[in-house]
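Read through the structure below, which is laid out as structure tokens, and then see the notes.
The values are calculated or read from the model by the stated rules, or taken from the named source; none is laboratory data. Predicted model only: the values in this text are computed from it and were never measured. Glycine gets a Cβ as well: all are built from the backbone with ideal geometry, and neighbour counts include every protein chain shown. The area values use the complete protein model at the heavy-atom level, side chains included, leaving out ligands, DNA and RNA. Shrake-Rupley method; radii C 1.70, N 1.55, O 1.52, S 1.80 Å.
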Amino acid sequence: MELKPVVELRDLSKTIGAKKIIDDLNLSLYPGQITGFLGPNGAGKTTTIRMMVGLMEPTGGDVFIEGVSLAENFEEGLSKVGVIVENPEMYKFMSGYKNLEHFARMHDGVTKERIDEVIAQVGMQNRIHEKVSTYSLGMRQRLGLAQALLHRPKFLILDEPTNGLDPAGIREFRMYLRKIAEEDGVSIFVSSHMLSEIELMCDRIAVIQNGRLIDIQDMSATQESHYYIEARPLDATETLLTAEGFTVESFKEGFIVNAEKEQIPALMQKMTTQELQLFAVQPHRKTLEDQFLEMTGGGQIAEAHTK
Amino acid sequence: MAIMLAVIVLGFLGMTRLSTEMMDNTGWTEDLKNELAGVEAELASPDLTEEEREQLEMEKQGLEESIVYSIEAGEPEVRESVITEGYGITALVTLLTIIAASGIVATEFSQGTIKMLLSRPVKRWKVLASKYAAVLLFCLLLTTLTFVMTVIGAFLFFPGSTESTFMFYHIELTTTSFWGMALYLMFLAFINSAVVATLAFAIGTIFRSTSLAIGISLFLYFTGLLVVMFLEKYGIGKYVLFANTNLTNYVTDSPLLSGMTMPFSIVMLVVYVAIFLGFSFWSFTKRDVAA
Ligand SMILES: Nc1ncnc2c1ncn2[C@@H]1O[C@H](COP(=O)(O)OP(=O)(O)O)[C@@H](O)[C@H]1O
Ligand SMILES: [Mg+2]
């Protein structure tokens, strides 16, 4: 990556009591990129984000925003950051507009025009003067996004932003993030425990488990080619596939093999000559979920789904 | 809240006026009234010298005032005395300010808005300083409102005094100094409210709970003097916060405990406020926000 990172986490650690909640996190985030921050519940996503915006003090390491250390120059560093930590909590007795005005005062140079512009961007014009207590969760998320964007941050952090959004809302949200990343070159960091959600919106995914960063994946990287093959009898199929030199893995009623497209016709021929009953051959895109399960050993994600 | 306070102050003064009037029904005042009628009749006669007229006018005025400020009512309630004693009503200001000060930081935590507030490019001590300034302003506003309403009430419900009333009742008030005195007492009462509010503010900030802060502050506020009396047995009563909060004692009354002076109390209040604010700022700037 030749671009200069907007944000760098260097050896970020947090110990509460005797428990190491975040362990030596190193991560760089780049302009115009959406980076996913994936991990099961309790992995330490929110804690990391809280440390990135000054809500929690790291016990080790530091956060740099465009080279500015938060520990040394908090105000300058944070002036480039917009954030929603968990659910956006607004002053319920005030209107959405009053909330935005209130938060705008804490940043330099946010004009009335800018407030109106952001309101239009998130599509809240019609209800903005109503009290927040009358808003649905989806509207609160929009308002949350609006307050995070007021000061045109170069770096946007969203902690589980799709909580409480319906599928259409999630889709719209995804398009919107993509737009501000591409058009304004904003670097976006989105945490989630739901793979399916962030694999669609992210360019990169950092996986965290038990406070440790265990993998960073580039989503644009070409994926290995896999095929799903279903044939009977199973043992004969497996013997043949292994003999042909493929790595074989049981999946549903058949097997997953890492084969290139060109190898498939020859393989089919061999299978028919051996009189195997062939039911299905189809390209298989290993989802991030499979990879994630592999990486985390499976056990942790179950917890995430039940929560 | 401000309107409520205004209504209560006016209502209180109105009631005071009504109750003094009810005590006015005595035969004694009837006599005065008859005497007054006689003097008025004399005044009406056309052939009086300038000197005689003046004499009668004075007599008439004296009688009128005696009727208005009936001796049986004890201390006469005149406009000026009502205004200078207005600071007594500021206990209400203290209560309202305790409630506001308790919640101003704590509700940010309980509603979760604290994280929206502190994840901004503003240092935490600045956020807390503006919260504290808001508490003091609120307190000042309510004190001023109380004063204004007291003045309005005093003019609405109570008669003004004249030189002769002062002389007759030995009221140590002169029209030139009483506004100054009234404002001074109000200022001392404001300090009282502000110091107690600082305690509530500190508890709310440290424990991050509104109800706890209101509860503890009100409890201390109401039991403070008992604690002072109790600790006085050991000679340390004067070091208790609530032995020092009521600075008006030194002006209108005698000190709460013998040997206490206004400068001593001021020093104690400064020390207490510094401690409260020290803990508040330490807690607010150093502790993690997990709400
Ligand atoms: N204030 C705290 N004190 C002790 N443990 C905490 C505290 N905050 C979070 N934790 C623990 O740290 C871990 C990470 O929590 P969190 O960052 O909220 O995870 P995530 O956002 O990934 O679900 C959890 O195991 C949680 O129990
Ligand atoms: Mg979380």
Would you list A:T247, B:T223 from the most to the least accessible area, probe 1.4 Å? A:T247, B:T223
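Got a sec? What order do B:M15, A:M175, A:M90 fall in by accessible area at 1.4 Å, biggest, i.e. largest, first? Working shown, then result.
Values: B:M15 125, A:M175 105, A:M90 5 Å².
Final ranking, largest accessible area leading: B:M15, A:M175, A:M90.
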Might you work out the accessible area of B:D47 for me, using a 1.4 Å probe with all protein chains in place, and round it to the nearest 10 Å²? 130 Å²
Using only the alpha-carbon atoms of chain A, report the extent along each of the three principal axes, biggest first, to the nearest angstrom. 76, 46, 38
For the range A:43-95 and the range B:208-228, compute the distance between their C-alpha centroids and round to whole Å. 35 Å
I want to verify a result. In a Gaussian network model of chain B, Cα cutoff 10 Å, which of these has the top mean-square fluctuation: B:Y234, B:Y184, B:Y250? B:Y234
Just the accessible area for B:R53, please: 1.4 Å probe, Å², rounded to the nearest 10? 90 Å²
Check: C-alpha center the range B:112-155 vs C-alpha center the range A:138-207, spacing in Å is 36 Å
Could you point to the residue in B:F157, B:G259, B:T198 farthest towards the positive end of the range B:79-286's charge dipole, with +1 and -1 charges on the Cβ of Lys/Arg and Asp/Glu respectively? B:T198
Averaged over all directions, how much area does the convex hull of the C-alpha atoms of the range A:1-74 cover when projected, in nm²? 5.3 nm²
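With +1 on each Lys and Arg Cβ and -1 on each Asp and Glu Cβ, and nothing else charged, work out how big the dipole of chain A is about its Cα centre, in Debye to the nearest 20.
On the way: 32 positive and 45 negative charges, 231 e Å.
So the dipole magnitude of chain A works out to roughly 1100 debye.
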Which cross-chain or sequence-distant (5 or more) residues have an amide H under 5 Å from the amide H of A:E86, H modelled 1.01 Å from N in plane? A:D159
Candidate residues B:R17, B:R120: accessible-area rank, largest first, probe 1.4 Å: B:R17, B:R120
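What is the sum of charges around A:K131, taking Lys and Arg as +1, Asp and Glu as -1, for the other residues whose C-beta is under 11 Å from the C-beta of A:K131?
On the way: positive: A:K92, A:K98, A:R127; negative: A:E130.
Charge balance in the 11 Å sphere: +2.
Run the count for the range B:79-286, please: Lys pairs, Cα-Cα under 18 angstrom, 8 or more apart or on different chains. Spell out each step's value before the answer.
Numbers: B:K115/B:K123; B:K115/B:K126; B:K115/B:K131; B:K115/B:K286; B:K123/B:K131; B:K123/B:K286; B:K126/B:K286; B:K131/B:K286.
The number of close lysine pairs in the range B:79-286 is 8.
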Excluding ligands and nucleic acids, what accessible area in Å² is computed for A:D24 using a 1.4 Å probe, to the nearest 10? 80 Å²
Leading residue at positive end of dipole, chain A (Cβ point charges), from A:F255, A:G109, A:Q33: A:G109
